[in-house]
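The values are calculated or read from the model by the stated rules, or taken from the named source; none is laboratory data. As the structure is a computational prediction, the values presented were derived from the model and not from experiment. All Cβ positions, even for glycine, are placed from backbone atoms using ideal geometry, and neighbour counts span all protein chains on display.
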Amino acid sequence: MRALKYFLPAVLAAALTGCASYHLGPVMDKSGDKSVEVLPFNNQTLQPRLGEALTQALRERLQTDGSYHLATHGDSDVVLTGVVRQYHRVGLGYADTDAVTPENYRIELTVHVTARERVSGKSLLDRDVKGHTLVHIGADLASAERQALPLLAQDLARNVTELLTEGAW
């Protein structure tokens, strides 16, 4: 009985103070309340079709994520733009018979992404974001890179969406 005398007030005090005021991560409005417009990305590399692939992958990722509603005609809350700055190919695995010829590559992409509130102009995101994918070279490098482009675009779109929805820590 004596233990209950001290235990009950402690449990009651803990229950009354609660944890209702604590939040993990940035506090946002209800998911999908805000809209984002993804403008076409500018490709400053010599690799063709990167801008279009990244723009499309980012639009699809934002729709799938659901944190933002995708807007298309200038009526959005947030405007997202990007500039493809670097495209690197790094050899990983080499042929058994030739130590100079790569069989596998890691393709890395660096894009500078900017997200601003349309009305206030406040910057929500302004930084370089990287993405990568692995490529196995078959008959020719160009075909392998072309086939890997959607995977590269999806990885970068995932990274951008995470930064936008969860906040840049």
Original post:
Within the set of pairs 6 or more residues apart or between chains, which connect a residue that is in contact (Cβ under 8 Å) with a residue 24 or more places away in the chain inside segment 153-167 to a residue that is among the basic types (Lys, Arg) and surrounded by 18 or more Cβ atoms within 10 Å (Cβ to Cβ) with Cβ atoms less than 7 Å apart?
Top reply: 157/61; 158/61; 161/61
Original post:
Hey, any hits in segment 6-24 for a residue that's modelled with pLDDT under 90 and under 23 Å from residue 164 (Cβ atoms)?
Top reply: yes
Original post:
Going by the conditions given, is residue 161 surrounded by 14 or more Cβ atoms within 10 Å (Cβ to Cβ) and touching a helix residue (DSSP H, G or I) at 6+ places or on another chain (Cβ under 8 Å)?
Top reply: yes
Original post:
Given the conditions (1) in a strand (DSSP E or B); (2) under 15 Å from the mean Cα position of the chain (by Cα); (3) of a type outside the set (S, T, N, Q); (4) surrounded by 15 or more Cβ atoms within 10 Å (Cβ to Cβ), and given that residue 69 satisfies all but one, which numbered condition is not satisfied?
Top reply: (2)
Subject >> Count of residues meeting criterion [surrounded by fewer than 14 Cβ atoms within 10 Å (Cβ to Cβ), out of contact with any Gly (no Cβ under 6 Å at 6 or more places or on another chain) and farther than 13 Å from residue 150 by Cα] in segment 49-66 >> reply: 2
